[in-house]
Every structure is written in structure tokens, then in C-alpha cells.
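Q: Attaching a single structure in C-alpha cells format; questions to follow.
Every read-out reported here was derived from the displayed coordinates using simple, explicitly stated rules and does not represent laboratory data. Keep in mind that what you see is a predicted model, and the values were worked out from it rather than measured. Don't worry about glycine lacking a Cβ; one is built from the backbone with ideal geometry, like all the others, and counts go over all protein chains shown.
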Amino acid sequence: MSQSNFKFQAPTGMKDILPEEQTYFDEIANVAKKYAQFYNFLKIDTPILEDYQLFVKGTGEITDIVEKQMYVLKTKGDEYLALRPEFTPGFVRAYFENGMVAWPHPVKLYSFGPVFRYEKPQAGRYRQFHQLNFESFGSQRPIVDIEIIWVLYNILKDLKISDLAVQVNSIGDSQCRPYYKKVLIRYLKSQERNLCQTCKKRLKINPLRILDCKEERCQQVISKAPQILDHLCEECKEHFKKVLEHLDDLDIPYILNPYLVRGLDYYTKTVFEIISQTGPEGRQNALAGGGRYDDLLKLIGKKDIPACGAAMGIERVINLMKEKGIKAPETPAPQVFIAQLGDKAKTQTLKLLEGLRKSNILTEAQLSKDSLTNQLKIANKLNVKFAVIIGEEEVLNKSVIIRDMQTGTQTSASFEKAIEKLKQKIKGQKKN
Ligand code: AMP
């Protein structure tokens with residue numbers, strides 16, 4: 001197929017994850033798994049598609065995610081499904097549907113996978129991206145908020161990202177937020193003419209969102225706005241005080257950001273984002289974000305169960321690792337190369353490869369190549385210690401030749417003894 005006739009492209013804002021990038025994904029998934037096991041978060045996978053109403057109800061009808069960014073499709077059976085724009089509502093549905101209410105609490109779950117948001121693609125903002133998601137159901141204690149922050153913070157540190165800070169705020173709950181909203185709206189209305197067009201609309205439907213508008217003119221207004229922290233009820237104040245104390249005790253660098261509201265309807269009390277402090281200026285630098293959502297489970301499952309959770313954006317983390325020159329571990333190099341000549345030798349090679357795999361000896365072969373000289377050149381390039389050569393004669397004799405690639409010396413071994421011999425030689429090399 002000629003290159004020029006090929007017209008298909010990955011959809012806008014979506015990309016292939018090529019082998020080089022997979023090493024980063026694997027590394028992050030491995031580190032995440034290690035932490036999840038240690039801190040007792042159990043892995044679940046939920047469907048990528050969910051009932052569209054789950055997000056309308058859960059994430060919130062007037063959030064950007066649901067209003068503007070959700071991929072919704074109608075099935076042949078006339079159902080409306082949405083590609084998940086975030087994990088949390090799916091976790092909540094799975095929690096109720098699978099009877100986790102009866103499990104010992106807190107129920108701590110995690111997942112790793114793609115999410116979809118139809119937004120304007122730019123650096124660090126894609127339409128399909130991946131999140132690592134942690135949630136904890138069943139406790140209102142501030143230490144639960146901290147455990148989620150702690151796990152994500154340490155995963156990022158383990159990935160060698162060292163300049164982290166947590167931006168943190170409390171957005172109150174159903175007792176104190178309505179009152180704060182009133183105070184805020186009164187102030188914002190007095191400043192309406194100074195707000196950007198989007199915020200003028202937000203004033204009617206979601207005034208809290210104005211607080212994290214990045215427009216210069218709105219920033220001016222926001223800097224003089226009443227702050228939620230001055231309007232928290234006793235319970236929320238106490239909760240937030242404990243969160244900050246724990247952050248201090250654990251030496252987690254944090255920035256109190258009274259304008260952090262995050263985009264979703266369901267948050268109550270603590271909201272936070274983990275950022276890289278030396279990340280590129282003016283770019284999306286939130287690596288992870290989350291918060292407490294004590295009312296969501298009641299909304300979806302009619303049960304009063306507090307919860308807290310957060311998601312890390314994998315592509316953002318990988319971009320930052322690359323910018324900082326942090327490499328994912330390289331795939332280990334093969335120790336042995338098998339060069340073969342003829343059809344029968346190719347099947348012998350497959351048998352030998354399987355034996356070596358079981359013995360944990362990393363081996364490479366190139367079955368689609370015929371010339372022995374070319375294959376040995378590849379072995380040289382790969383810098384393997386030993387090459388195994390199986391030619392027509394060796395097939396007849398049920399034997400192999402083992403070549404020491406450094407000295408060029410060759411010895412013969414029966415096919416049965418080949419693996420044992422290789423093991424001895426590799427051991428001998430390690431001793432030298
Ligand atoms: P959110 O679910 O919006 O709180 O996002 C959690 C994390 O996912 C963010 O901190 C980002 O790291 C990442 N993220 C959010 N939106 C995108 C996007 N469109 N493209 C890439 N990463 C994203």
C-alpha cells in the first residue's frame with residue numbers, strides 16, 4: 001500500500017500509544033499496583049460505556065464535562081450510552097450493583113484505563129486519555145482524604161517526580177455552601193460588567209466555577225471575592241483543619257488555594273490537585289485531582305455513605321517525565337540469540353525458545369530471516385553473550401552449536417542438553 005493513498009488518521013485529540021510509550025505506561029501501572037496492594041486498594045474494571053444518565057446525575061448536568069465534553073451514543077436498541085468522561089460515577093454504580101455495601105468498610109478500590117472528553121485538544125489535553133483512579137467509600141474521617149493524597153503523591157514521587165505540591169481547599173457542604181453561594185453571587189453581580197462572557201453565563205448556572213477562571217479581567221474580580229474558607233460551618237472547618245494538620249505531619253508540601261473549586265458538582269469539603277511546581281508555565285500542570293464527595297452515593301444509590309477519591313492523568317505524568325529526562329526502565333536485553341537455517345530448524349528454534357523462556361533466559365530469534373550471516377550480524381548488534389546455531393546438519397543430529405560471541409569459540413551440544421549447557425555458560429560468564 002502506498003503511503004500517499006492512505007487517508008485515515010486517528011480521531012482528533014486521540015493517539016496511538018506506540019511501543020516506546022508503552023514502557024512508561026507499564027512503569028506507572030506497576031508502581032500503582034505496588035502501592036494499591038500495600039495500601040489495600042482492590043482493583044476493579046468498569047465498562048468504558050455507561051448509561052448516559054449516570055453521568056448526568058453523578059457528575060452533574062451543568063458541569064462542563066456533561067454539558068460540553070461527553071461522547072454520547074444511541075445504540076441500535078435505542079439506549080443512550082456515554083463513553084466515561086471520568087471513573088467515579090461508574091465506581092459508585094459498581095459499588096451498589098455488586099453489593100459492596102455489605103463489605104467491610106471502607107471499601108477501597110482502584111482502576112487504570114481510558115477516559116474520553118470532547119474538548120479542544122492542546123498540550124496536555126486530549127480527547128482520549130488515561131487515568132489512574134483511587135476511591136474510598138464509607139468513612140468521613142479526614143485521614144481518608146489524606147490517604148488518597150498520600151498514595152498518589154508517593155506514586156508520583158516513586159516515578160522520580162520530585163517537585164510536587166498539593167493545592168488544597170475546602171468547598172464546604174450542603175449546610176454551608178448554599179449560604180456562601182448567596183454571598184458570592186451578591187458580590188459577583190455587583191461586578192458583572194467586569195466578567196468575561198463565559199463567566200457572565202456561569203453567574204446564572206454555576207457561580208463557583210468563576211473562581212477558577214483564568215481570564216485576566218475575571219482574576220481581578222476574583223481576587224477581591226469573599227472566600228469560602230471564611231464561610232465554612234463548624235463541621236467543615238474542623239474537617240479542613242485536620243486535613244491541613246495531617247499534611248503538616250506528613251511533610252507534604254501544600255498550597256492553600258481558596259480559589260480551587262474543581263469542575264464537578266459532587267464535591268464536598270476537601271478538594272485538591274497535585275501539581276509539579278516546576279512544570280511548564282501556562283500549561284496544564286495538574287497531575288492529579290480529586291476530593292471528598294459525601295453526597296454522591298445518596299444521589300445515585302439512596303444511601304448516606306461518605307466517600308473520597310482522586311484521579312491521576314497518565315499522559316500528563318508521562319509528558320512531564322519526558323520533559324524532566326526521567327526514563328522508563330528499559331526492556332532487558334536478550335542474553336541469547338538463536339540463528340537457524342531451514343524449515344525444520346525453525347520449528348526446533350520455537351521449541352528451544354519456549355524452553356529458554358521457562359528457564360527465564362531472555363532470548364531472541366528472527367524466524368523470518370534465512371541467511372545465517374545476517375542473523376549472526378543481528379546477534380552481534382544485540383550484544384548477546386551467546387548465539388545458538390541450528391543448521392540442517394544440527395537438525396539431523398538433533399544437536400545445536402553454541403557460539404561464545406566474544407571469543408568466537410563454538411561448542412556442540414545435544415538438543416536435550418542445550419538449555420543446561422547455556423545455563424552453565426551464562427553462570428560461568430557471571431563468575432568471570
Ligand atoms: P479531572 O478528572 O478533571 O479531575 O482530572 C484528573 C487528572 O486527569 C488531571 O489532573 C489531569 O492530569 C488529567 N486530565 C484531565 N483532563 C485531561 C485531558 N483532557 N487530557 C489529558 N489529561 C487530562
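Q: Along the stretch 403-408, what does the Karplus equation 6.51 cos²θ - 1.76 cosθ + 1.60 (θ = phi - 60°) give for ³J(HN,Hα), rounded to whole Hz, x for Gly and Pro?
A: Values per residue, Gly and Pro as x: 10, 6, 6, 7, 8, x Hz.
Q: In debye, nearest 20: dipole of the stretch 336-423 around its Cα centre with unit charges on the Cβ of K, R (+) and D, E (-)?
A: Its charge dipole is roughly 260 debye.
Q: Show me, for the stretch 115-129, the HN-Hα J-couplings you get by feeding each phi into the Karplus relation (A = 6.51, B = -1.76, C = 1.60, θ = phi - 60°), rounded to Hz, glycine and proline as x.
A: Running phi through 6.51 cos²θ - 1.76 cosθ + 1.60 with θ = phi - 60° gives 10, 10, 9, 7, 9, 5, x, 7, 4, x, 9, 10, 8, 10, 9 Hz.
Q: Would you be so kind as to identify which of Asn206, Ala365, Leu184 lies farthest towards the positive end of the dipole of the chain, taking Lys and Arg as +1 and Asp and Glu as -1 on Cβ and the Cα centre as origin?
A: Selected residue: Ala365.
Q: Ok, one more. Met14 versus Ser162, label points 7 Å from Cα toward the beta carbon: distance in nm?
A: Placing both labels 7 Å beyond Cα along the Cβ direction yields 3.9 nm.
Q: Follow-up. Could you give the length gained on full extension between Ile143 and His105, defined as 0.36 nm per residue of separation minus the Cα-Cα distance, in nm? Provide the component values of the computation, followed by the final result.
A: On the way: separation 38, 0.36 × 38 = 13.68 nm, distance 1.43 nm.
Result for the pair: 12.3 nm of gain on full extension.
Q: Provide, as a two-decimal number, the C-alpha radius of gyration of the stretch 336-423 over 2.2 N^0.38 Å, N being how many residues it has.
A: 0.95
Q: Say each of Glu234 and Phe25 gets a label point 7 Å from the Cα, pointing the same way as Cα to Cβ; how far apart are those two points in nm?
A: 5.2 nm
Q: Then there's this: In what sequence do Met405, Met312 fall when counting other Cβ within 10 Å, fewest first?
A: Ascending number of Cβ neighbours within 10 Å: Met405, Met312.
Q: Please list, by residue number, every one of the chymotrypsin sites (Phe, Trp or Tyr not before Pro) in the stretch 63-162 that is coil in DSSP and has at most 14 other beta-carbon atoms within 10 Å.
A: Details: sites: Tyr71, Tyr80, Phe87, Phe91, Tyr95, Phe96, Tyr110, Phe112, Phe116, Tyr118, Tyr126, Phe129, Phe134, Phe137, Trp150, Tyr153; in loops: Tyr71, Phe87, Tyr118, Tyr126.
Qualifying residues, ordered by number: none.
Q: May I pose another question? Mind sorting Glu61, Glu216 by how few other Cβ atoms lie within 10 Å of their own Cβ, fewest first?
A: So the ranking, lowest neighbour count to highest, is Glu216, Glu61.
Q: Helix 343-358 sits at what angle to the longest principal axis of the chain, using alpha carbons and giving 0 to 90 degrees rounded to 10?
A: Long axis of 343-358 versus the principal axis of the chain: about 50 degrees.
Q: Okay, next question. Taking 0.36 nm per residue of sequence separation and subtracting the Cα-Cα distance, how much length would be gained by fully extending the chain between Arg217 and Ile326, in nm to one decimal? Could you put the intermediate results ahead of the total?
A: Values: separation 109, 0.36 × 109 = 39.24 nm, distance 3.79 nm.
Full extension from Arg217 to Ile326 adds 35.4 nm.
Q: Here's another thing I want to ask about it. Return the lysines within reach of Lys224: Cα separation strictly under 26 angstrom, same-chain partners fewer than 8 residues apart disregarded; answer none if there are no such residues.
A: In chain and number order, the partners are Lys181, Lys182, Lys189, Lys200, Lys201, Lys204, Lys214, Lys237, Lys241, Lys269.
Q: Quick check of the Kirkwood formula: for the chain, what is the inverse mean of 1/r over all pairs of different Cα atoms, in Å?
A: Computed over Cα pairs of the chain, the Kirkwood hydrodynamic radius comes out at 25.5 Å.
Q: State, to one decimal in nm, how far the label point of Thr411 lies from the label point of Ile255, with both points 7 Å from Cα in the Cβ direction.
A: The modelled label-to-label distance comes out at 6.3 nm.
Q: How tilted is helix 177-190 with respect to the longest principal axis of the chain? Cα atoms for both, answer in degrees (0 to 90, nearest 10).
A: 70 degrees
Q: Find the relative contact order for the chain and round it to a whole percent, using C-alpha pairs within less than 8 Å whose residues are 6+ positions apart.
A: Relative contact order, the chain: 15 percent.
Q: Follow-up question, since we're still on this one. So what's the angle, to the nearest 10 degrees on a 0 to 90 scale, between helix 142-158 and the longest Cα principal axis of the chain?
A: 40 degrees
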